[in-house]
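The values are calculated or read from the model by the stated rules, or taken from the named source; none is laboratory data. Fair warning: this is a prediction, and the values are worked out from it, not measured in the lab. When we count neighbours, we look across all protein chains shown, and the Cβ atoms used for this are built from the backbone with ideal geometry, even at glycine. Just the protein is used for accessible areas: all its heavy atoms, side chains included, with ligands, DNA and RNA removed. Shrake-Rupley method; radii C 1.70, N 1.55, O 1.52, S 1.80 Å.
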There are 2 protein chains.
Amino acid sequence: MIAKTPEPPYYAVIFSSVRTPIDEGYDEMSDAMEELVKKQPGFLGFESARNEIGITVSYWKDLESIRNWRNNSEHTIARLTGRNKWYKSYKVRIAKVEGDYDFLKG
Amino acid sequence: MIAKTPEPPYYAVIFSSVRTPIDEGYDEMSDAMEELVKKQPGFLGFESARNEIGITVSYWKDLESIRNWRNNSEHTIARLTGRNKWYKSYKVRIAKVEGDYDFLKG
């Protein structure tokens, strides 16, 4: 689903990743993090797609909300497990959304 | 592939889309746009993934480069064809990347 986000400005965290062949525990952790992130103050929505690489973009009210999510203890455990098991490489970019527009077939 | 981008700041265009069932001409246009975008001044790289939704993030030196690409005539034709045929809905977000970090398994 395309995230319904408010009028800019807001923030995007672009998480681009390449997986290892290890699947053990990945879906469970992914589902748990999806539930948890939705409860975070300042979380606005997310979008995710994967084939050769994965791209997950989460949207946030401000940088403080992003920092709080980064420091969340369950998220930190997930991140460390991800580095050990599920991800071969990844890149995180933090970006301020300055403008947006939609197309919806009428 | 995860795009190799320079030190921030730079810009990201996050293109999130839902396809129609129409495939005719899509791959050809997609390949042609990929070749064309690489030649644009200020283009820094892109990442793309699709399953239920598609997310393509292109990276740019500045807003002027993004505007020039938006006004490129071949790109404009592709965009209009996309609205008519290939996309049910999409959202474009323009964002200034303020920070990034990498993880690469040692």
Quiz prompt | Convex hull projection area averaged over all views, chain A, Cα basis, nm² | solution = 7.4 nm²
Practice problem: Would you give the gap between the C-alpha center of the range A:1-24 and the C-alpha center of the range B:1-67, rounded to a whole Å? | Solution: 15 Å
Quiz prompt | Around residue A:10: net Lys/Arg minus Asp/Glu count, Cβ-Cβ under 14 Å | solution = -1
Quiz item: Can you list the lysines whose alpha carbon sits under 17 Å from that of residue A:85, skipping same-chain ones fewer than 8 residues off?
Solution: B:105
Quiz item: Per the helix-only calculation at 222 nm, which mean residue ellipticity applies to chain A, given -39500 (n - 2.57) for every DSSP H run of n ≥ 4 and division by its residues, nearest 500 deg cm²/dmol?
Solution: -8500 deg cm²/dmol
Quiz item: Treating the beta-carbon of each Lys and Arg as +1 and of each Asp and Glu as -1, no other charges, what is the dipole magnitude of chain B about its Cα centre, to the nearest 20 debye?
Solution: 380 debye
Practice problem: Work out the mean other chain Cβ neighbour count within 10 Å for the residues of B:49-57 and drop it here as an integer. | Solution: 6
Quiz prompt | Solvent exposure of the range A:1-50 as accessible area per residue, Å², 1.4 Å probe | solution = 57 Å²
Exercise. Can you pull the one-decimal nm distance between simple spin-label points at residue A:22 and residue A:83, each 7 Å off the Cα toward Cβ?
Key: 1.3 nm
Self-check item: Tilt relative to chain B, helix B:26-38 - C-alpha long axis, 0 to 90 degrees, to 10
Solution: 30 degrees
Exercise. Enter the mean number of other protein chain beta carbons within 10 Å of the beta carbon of each residue in B:85-93, as an integer.
Key: 5
Quiz item: If you take the Cα Rg of the range A:1-63 and divide it by 2.2 N^0.38 Å, with N the number of residues, what do you get?
Solution: 1.21
Quiz item: For the protein assembly as shown, what is the largest minus smallest coordinate of the Cα atoms on each principal axis, given in angstrom and ordered from greatest to least?
Solution: 49, 38, 31
Quiz item: In chain A, carbon and sulfur make up what percent of the accessible area (probe 1.4 Å)?
Solution: 53 percent
Quiz item: How many nanometers, to one decimal and shortest first, lie between the label point of residue A:34 and those of its other copies, if labels sit 7 Å from Cα toward Cβ?
Solution: 2.7
Self-check item: Inter-copy spacing of residue A:102 label points, which lie 7 Å from Cα along Cα→Cβ, given in nm from shortest upward
Solution: 3.7
